[in-house]
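See below for the structure under consideration.
The values are calculated or read from the model by the stated rules, or taken from the named source; none is laboratory data. All of these numbers come straight from a predicted model, not from anything done at the bench. We place every Cβ from the backbone using ideal geometry, glycine too, and count neighbours over all the protein chains shown. Keep in mind that these areas ignore ligands, DNA and RNA; they rest on the heavy atoms of the full protein, side chains included. Shrake-Rupley method; radii C 1.70, N 1.55, O 1.52, S 1.80 Å.
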Amino acid sequence: MKTSNVVDPVKLEVFKALYHSVAEEMGLVLRHTAFSPNIKERRDYSCAVFGSNGEIIAQGDHMPVHLGSMPMSVQAAINKHQMLEGDVVILNDPFAGGTHLPDLTMIAPVYVEEQKVAFYVANRAHHADIGGANPGSMGKATEIYQEGLRIPPVKLVSQGLVNQDIKDLFLSNVRLAEEREGDLTAQIGAIRTGIKRLKEVVDRYGEKECQKYAKYLVSYTGQMMKNLIKELPDGIYTAEDYLDDDGVNDTPIKIAVAITIKGQEAIIDFTGTDKQCNGPINAVLAITVSAVYYVFRCLLEESVPANAGILEPIKVIAPQNTIVNATLPAAVAAGNVETSQRIVDVLLKALYKILPNKIPAASQGTMNNLTLGGINPFTGKEFAYYETIAGGIGASSTSNGLSGAHSHMTNSLNTPIEALEYIYPLRVRHYSLRHNSGGNGRYCGGDGIIKEVEVLTSTQVNLLSDRRRFAPYGLDGGLDGKPGEAYIIRVNTKEPLTSKQSIELKAGERIVIETPGGGGYGKID
C-alpha cells in the first residue's frame, strides 16, 4: 500500500478513535473477567497502546496516576528483555517504572509484517494484596521491603506459555492467592485482546499507514501543547503546599514547585521539596512525571489526544532522594495515592497565577485509602479489602464543585455496599455526603463523604490519608474546604485517628471516615 506524507485530518481522527478504542476494549475485558471487587467494581486499572519505541500513543479513560507513569514501566521492560511474539512481561518495582507494589503492570509486543514489533500494549491493575506486613499491602511501612513482593521486569508468559515458576513464586507470597491468580489471568486476557485488535487495524490499513498516523497523533498533541504554552506569559511561577506528616513523624512535609514558562517550553522544577522520609508517602519519579502529565493534559481541549506529545515541550526536574523522586529503600505505598494528589495541588496553585479563570480550587487532596484484612469467619479463608473514598471537588470560576466524587489522580468508583457486604465480613452502618464540608464562596466546593464500616470479626485496619491538618485551599477569596477526620467507635467511646494509622478492631467495632470538602472559589458578593 502506498503512503504519502500528507496528513489526512479525517484519517487522523479515525486512527485516534481506533487506538483509543483498543485501550478501552482492553479495559472492558479486564474489568469483566477480574476476580476482585477492587478491579471489577472500583475499576482500579488502566490500559494503553504504545509505539514501537515505547512512547504512549493512546490510553483508555482510566486512572491518571497509572497512565502518566506507565511509559516508564514499558521502557523498563524494553530495556530488560527482548520480547518475542507471545511474551508478556510483568513488573511492579517502583524503582523500575512502577508506582507502588500493589500496581502490577503487564507489557507485551505486537508483531506484524516482517516479524517486527509495531506496537506494545500494556495494562496496570491494583491488586488487593501483594504480600508484606499488612493485609492489603498499604500499611505504615518504613521501607519498601515491608510493603510486599517487589517484582522487576520478568517474563510471566514466554511465547504464549505461562512461566509456572514465576507464577508460583508470586502466588506463594501474597494473600488470597486464588483471587490474585484470577486477576493476573484477566490482565493477560486484556493484553491478548489488545494485540488482536491492533493486528486487525494493521491488516486493514497496512503497517506503514498505522505507524505514520501514530506518529502524527503524537506530533499533533505535542504541537497543541507547544501552542498552549506559547500563549502563557513568560516567567517563573512558584507555589508550595504540605502533606500532614509521613505517618512516622509528626512533621509536615513540604512540596515546592517553580514553573518556568519560556516561549514554547515549560520547566517544572521541584527543587526545595523536602527530602524522602521514613514513612510510606515517598513518591518515585514516575509518579511525579505522571502528575505533571495529568495537570498539563487538563489544560488542553478534551478533543486533543492524550499521548506522549503532552510532555514533548515540558522538562521535569525532581531532585533525587526527595519525596518526589525517592530512591531505595524508601517506602512508597502512599506516594502513589497521597503525594501524587498533593503534587497536583501544588502545580495547580502555581498555574493559578497564570490562568486564574481556568484553575479550580483544591479538591479533597487525598484518596482516603482504607484496607481491612483478617480471617473471614464465614468461610474460614483470608480476606483483604481495599478502597479509596471520594470527597469534595474544588469549585471553579464558573461553577460549584461536585460532591462525593473521586478527583485528579484517581478515577475509580466506590465499591457498592451490596458487593462489599456480600464478599467480606463487614457491614456499612452509614454512607452519606458530609454536608457543609465544602468551602464557601461565590461558588462552593463540593462536600465530602461520611462512611462508617463495622467489622464482623477481628480485623487489621490500615488508613493512609491526608488533608487532616492542611485544608484544601480556596481561591480568589473562596474559603478552604473542611479537613477530613477519622475515628474508631468502640462500645460507647469515640477514639480519634491520625491520618495514617494501623490498628486492630474487634468484632462489632467500627471505623468512621469523614473525607475533606473541596475549596470554594471567589468572594461572596
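Only one of the numbered conditions (1) over 24 Å from the mean Cα position of the chain (by Cα); (2) open to solvent by less than 70 Å² (accessible area, probe 1.4 Å); (3) of a type in the set (D, E, K, R) is violated by Arg468, and that is (1).
To keep it simple, each residue is scored yes or no on (1) more than 18 Å from Glu41 (Cβ to Cβ); (2) in a loop (DSSP other than H, G, I, E, B).
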residue	(1), (2)
Gly136	no, yes
Gly148	yes, yes
Arg180	no, no
Asp183	no, no
Gln187	no, no
Arg197	yes, no
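Scanning region 132-158 for residues that are among the polar types (S, T, N, Q) and touching a strand residue (DSSP E or B) at 6+ places or on another chain (Cβ under 7 Å) turns up just one, Asn134. Glu207 passes every criterion in (1) touching a strand residue (DSSP E or B) at 6+ places or on another chain (Cβ under 7 Å); (2) at pLDDT 95 or above; (3) over 24 Å from His408 (Cβ atoms) apart from (2).
Identify all residues within region 379-415 that are under 17 Å from Ile39 (Cα atoms), in contact with a Pro (Cβ under 7 Å, 6 or more places away or on another chain) and in a loop (DSSP other than H, G, I, E, B); write none if there are none. Within region 379-415, Met409, Asn411, Thr415 meet the criteria. When Ala190 is tested against (1) surrounded by fewer than 17 Cβ atoms within 10 Å (Cβ to Cβ); (2) at pLDDT 95 or above, just one condition goes unmet, and that condition is (1). Criterion first (on the phi < 0 side of the Ramachandran plot, under 25 Å from the mean Cα position of the chain (by Cα), modelled with pLDDT of 95 or more and not basic (Lys, Arg)) does Gly272 satisfy it? The answer is no for Gly272. Within the bounds of region 476-488, is there any residue that is hydrophobic (A, V, I, L, M, F, W, C), under 29 Å from the mean Cα position of the chain (by Cα) and open to solvent by 10 Å² or more (accessible area, probe 1.4 Å)? Yes, region 476-488 contains a residue that is hydrophobic (A, V, I, L, M, F, W, C), under 29 Å from the mean Cα position of the chain (by Cα) and open to solvent by 10 Å² or more (accessible area, probe 1.4 Å). Going through region 495-525 one residue at a time, which ones are in a strand (DSSP E or B), open to solvent by 10 Å² or more (accessible area, probe 1.4 Å), within 24 Å of Thr142 (Cα to Cα) and not small (Gly, Ala, Ser)? Scanning region 495-525 gives Pro496, Leu497, Gln501, Ile503, Glu504. Take Ile259 and decide whether it is touching a Ser or Thr at 6+ places or on another chain (Cβ under 9 Å), open to solvent by 40 Å² or more (accessible area, probe 1.4 Å) and more than 30 Å from Arg43 (Cβ to Cβ). So Ile259 does not fit the description; no. Contact map, region 228-251: first residue closer than 13 Å to Ile281 by Cβ, second residue acidic (Asp, Glu), Cβ cut-off under 7 Å, separation 6 or more or different chains; pairs are Leu243/Glu338; Leu243/Asp466; Asp244/Asp466; Thr251/Asp245.
Mind checking which residues of region 439-465 are part of a loop (DSSP other than H, G, I, E, B) and open to solvent by less than 20 Å² (accessible area, probe 1.4 Å)? Break it down into steps so the answer makes sense when it comes.
Keep residues of region 439-465 that are part of a loop (DSSP other than H, G, I, E, B), which gives 439-442, 444-447, 456-458, 465.
Within region 439-465, Gly439, Gly441, Gly445, Gly446, Ser465 meet the criteria.
Are there any pairs with C-beta distances below 7 angstrom linking a residue in region 115-133 that is without any contact (Cβ under 8 Å) to a residue 24 or more places away in the chain to a residue that is surrounded by 24 or more Cβ atoms within 10 Å (Cβ to Cβ) and outside any strand (DSSP E or B), with the two at least 6 apart or on different chains, and if so which? From residues that are without any contact (Cβ under 8 Å) to a residue 24 or more places away in the chain, the pairs are Ala133/Gly139; Ala133/Ala141. Residue count for region 500-525, restricted to those that are modelled with pLDDT under 95 and small (Gly, Ala, Ser): 1. Just one of the numbered conditions (1) assigned to a strand (DSSP E or B); (2) surrounded by fewer than 24 Cβ atoms within 10 Å (Cβ to Cβ); (3) in contact with a Ser or Thr (Cβ under 7 Å, 6 or more places away or on another chain) is not true of Gly131: (1).
As a summary of the residue check, Thr238 satisfies the conditions (1) closer than 30 Å to Asn278 by Cα; (2) out of contact with any strand residue (DSSP E or B) (no Cβ under 9 Å at 6 or more places or on another chain); (3) among the β-branched types (Val, Ile, Thr) except for the one numbered (2).
Considered as a group, the residues in region 203-217 that are among the acidic types (Asp, Glu) and over 11 Å from Leu12 (Cα atoms) include one that is surrounded by the most Cβ atoms within 10 Å (Cβ to Cβ), and that residue is Glu207. If only residues of region 395-424 that are touching a strand residue (DSSP E or B) at 6+ places or on another chain (Cβ under 7 Å) and open to solvent by less than 40 Å² (accessible area, probe 1.4 Å) are counted, the one that is farthest from Gly520 (Cα to Cα) is Tyr424.
Yes/no per residue for (1) buried (at least 22 other Cβ atoms within 10 Å of the Cβ); (2) of a type in the set (A, V, I, L, M); (3) in contact with a strand residue (DSSP E or B) (Cβ under 9 Å, 6 or more places away or on another chain):
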residue: Ala23; (1), (2), (3): yes, yes, yes
residue: Phe35; (1), (2), (3): no, no, no
residue: Ser46; (1), (2), (3): yes, no, yes
residue: Leu84; (1), (2), (3): no, yes, yes
residue: Leu101; (1), (2), (3): yes, yes, no
residue: Pro109; (1), (2), (3): yes, no, yes
residue: Tyr120; (1), (2), (3): yes, no, yes
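Beta carbons closer than 7 Å, at least 6 apart along the sequence or on distinct chains, pair a first residue in region 475-500 that is touching a residue at least 60 places away in the same chain (Cβ under 8 Å) and within 21 Å of Ala390 (Cα to Cα) with a second that is of a type outside the set (Phe, Trp, Tyr) and open to solvent by 60 Å² or more (accessible area, probe 1.4 Å) for Lys500/Lys140.
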